[in-house]
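J.: Could you have a look at this structure, given as structure tokens, before my questions?
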Amino acid sequence: MKPSGAAYDGSALPSFVAHADWGTQPAKRQVAVAHLSGSANGQYIIDSIKPADPSAIASGDLRRGLGVPDGVSRAILGFDLPLGLPRAYADRVGVTSFLEFLDGLGEPPWEDVIHPATHASEIALHRPFYPYRPGGTSRQHLTDALGLSSQQLRRLCEGSDAETIFWTLGGKQVGKAAISGWVLLHQALSSGSDIGVWPFDGNIAECIRAHEITVVETYPRELYRWAAPEWPLGSQRWSKTRQEDRQLWATSIATWVSELGTAWTDDVRDMAYDGFGSDSNGEDRFDALIGLLGMIAVVTGALDSGVPSDDPAVVSVEGWILGRTTSM
């Protein structure tokens, strides 16, 4: 993979990169981390893949939660969760800035936004997540109550096949992750930490240069094609949930590590060739590493950030998935 040059800025290389495959359960919040070596080559070294610190996350401490070492003043942290609001919904509720929306979480009129509606009758523009629990629920309840179609409840970067952002049931749902991630980011920003959120605070290089911590949205599946370009995506011949299938990716992942000029510790390499473990969190470790490599690819210029430069709604309210192209 040759650098495109579009995202690369040598003066904006972060000294620490972490990617969290996010879930509502602490054990599912697996974090892959890398640091920039002090050598002349400035090589990224992938150190570990382990769970986020639950107590730090609960308090909104992004640094400690994702393992940013003391003294690091330029870090980029990726989260596999939506950072942004669909533009049609934002227009309906009068939100012109996602960061201002985050700042107002818990305050009128957003005191109930993070509490999923228990019944269809409770769904409202300022309480859009649904349902609280399964049983007698329907996506139609959500679209009817909000007065917006399923496509209007998706952001541009999500295309037409993603689950709508406010739905909270099923394997494809992102609603619960969005709630927990927004609360975490609200707490971190409220603490006075120097945090930039891409792309709302500028392009990726600007964010990294201007802030101690830059937060980005990721989607590991978007990066599978770079981890294994020859892999038949969509084939039924593999499943991310099976250890033996994840093992099949090890050689391709090792090739990507090498192409990026990146190194990894023996422990991380052995984990990859072992299929990321036999427990139920193996798929999360897998995606954590894929997401990390995608982030390194963007900050070093091997991949473009993908954000459209001519769409004001993207950089104000909707956000973007790092590395995703507009031709999805």
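J.: Of a type in the set (A, V, I, L, M), open to solvent by less than 50 Å² (accessible area, probe 1.4 Å), in contact with an Asp or Glu (Cβ under 9 Å, 6 or more places away or on another chain) and outside any helix (DSSP H, G or I): is that true of ILE208 in this structure?
T.: Judged against the criteria, ILE208 is not a match.
J.: Given the conditions (1) within 21 Å of the chain's Cα centre (by Cα); (2) surrounded by fewer than 17 Cβ atoms within 10 Å (Cβ to Cβ); (3) touching a residue at least 12 places away in the same chain (Cβ under 8 Å); (4) assigned to a helix (DSSP H, G or I), and given that ASP245 satisfies all but one, which numbered condition is not satisfied?
T.: Status for ASP245: all satisfied but (1).
J.: While we're on this one: Looking only at residues in the stretch 11-63 that are within 16 Å of LEU293 (Cα to Cα) and among the acidic types (Asp, Glu), which one is most open to solvent (accessible area, probe 1.4 Å)?
T.: Here the answer is ASP47.
Yes or no, residue by residue, for (1) under 29 Å from PRO308 (Cα atoms); (2) in contact (Cβ under 8 Å) with a residue 40 or more places away in the chain; (3) among the hydrophobic types (A, V, I, L, M, F, W, C):
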| site | (1), (2), (3) |
| --- | --- |
| PHE79 | yes, yes, yes |
| LEU85 | yes, yes, yes |
| LEU105 | yes, yes, yes |
| ALA120 | no, no, yes |
| LEU125 | yes, no, yes |
| GLY135 | no, no, no |
| ALA178 | yes, yes, yes |
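J.: Please specify each residue of the stretch 199-226 satisfying the condition of being over 21 Å from ALA288 (Cβ atoms) and not small (Gly, Ala, Ser). Lay out the reasoning, then the answer.
T.: Pass one, the stretch 199-226, residues over 21 Å from ALA288 (Cβ atoms): 199-203, 205-207, 209-212.
Passing the criteria: PRO199, PHE200, ASP201, ASN203, GLU206, CYS207, ARG209, HIS211, GLU212.
J.: Hey, can you tell me all the residues within the stretch 305-328 that are in contact (Cβ under 8 Å) with a residue 40 or more places away in the chain, more than 13 Å from GLU222 (Cα to Cα) and not hydrophobic (A, V, I, L, M, F, W, C)?
T.: PRO308, ASP311, SER316, GLU318, GLY319 - these are the residues of the stretch 305-328 that are in contact (Cβ under 8 Å) with a residue 40 or more places away in the chain, more than 13 Å from GLU222 (Cα to Cα) and not hydrophobic (A, V, I, L, M, F, W, C).
J.: Given the criteria over 30 Å from LEU102 (Cβ atoms), in a helix (DSSP H, G or I) and open to solvent by less than 60 Å² (accessible area, probe 1.4 Å), does SER239 qualify?
T.: On the way: over 30 Å from LEU102 (Cβ atoms): yes; in a helix (DSSP H, G or I): no; open to solvent by less than 60 Å² (accessible area, probe 1.4 Å): yes.
So SER239 does not fit the description; no.
Yes or no, residue by residue, for (1) in a loop (DSSP other than H, G, I, E, B); (2) open to solvent by 20 Å² or more (accessible area, probe 1.4 Å):
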site	(1), (2)
PRO199	yes, no
VAL215	no, no
TRP226	no, yes
GLU230	yes, yes
THR251	no, yes
ASP267	no, yes
ALA272	no, no
ASP279	yes, yes
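J.: Show me the helices (runs of 4 or more DSSP H) entirely contained within the stretch 72-174 in which 2 or more residues are open to solvent by 70 Å² or more (accessible area, probe 1.4 Å) and under 18 Å from TRP198 (Cβ atoms).
T.: Values: elements: 87-93, 98-103, 139-146.
Fully inside the stretch 72-174 and qualifying: 98-103.
J.: Could you list, in sequence order, the residues of the stretch 303-328 that are among the aliphatic types (A, V, I, L, M), in contact with a Pro (Cβ under 7 Å, 6 or more places away or on another chain) and open to solvent by 10 Å² or more (accessible area, probe 1.4 Å)? Can you show your working first?
T.: The initial filter retains those residues of the stretch 303-328 that are among the aliphatic types (A, V, I, L, M), namely 303, 307, 313-315, 317, 321-322, 328.
Filter once more, so that each one left must be in contact with a Pro (Cβ under 7 Å, 6 or more places away or on another chain): 307, 314-315.
Within the stretch 303-328, VAL307, VAL315 qualify.
J.: Shifting gears a bit: Quick check on my filter: what residues within the stretch 16-36 are free of Cβ contacts under 8 Å to residues at least 40 places away in the same chain and either among the small types (Gly, Ala, Ser) or under 26 Å from THR300 (Cβ atoms) (or both)? If you could, list the steps in order and put the result at the bottom.
T.: To start, the set of residues in the stretch 16-36 that are free of Cβ contacts under 8 Å to residues at least 40 places away in the same chain comprises 25-26, 35-36.
HIS35, LEU36 - these are the residues of the stretch 16-36 that are free of Cβ contacts under 8 Å to residues at least 40 places away in the same chain and either among the small types (Gly, Ala, Ser) or under 26 Å from THR300 (Cβ atoms) (or both).
The values are calculated or read from the model by the stated rules, or taken from the named source; none is laboratory data. Please read these numbers as outputs of a predicted model, since none were measured by experiment. Note that we place each Cβ from the backbone using ideal geometry, even for glycine, and neighbour counts take in every protein chain shown. Ligands, DNA and RNA are excluded from the accessible area calculation, which covers all protein heavy atoms including side chains. Shrake-Rupley method; radii C 1.70, N 1.55, O 1.52, S 1.80 Å.
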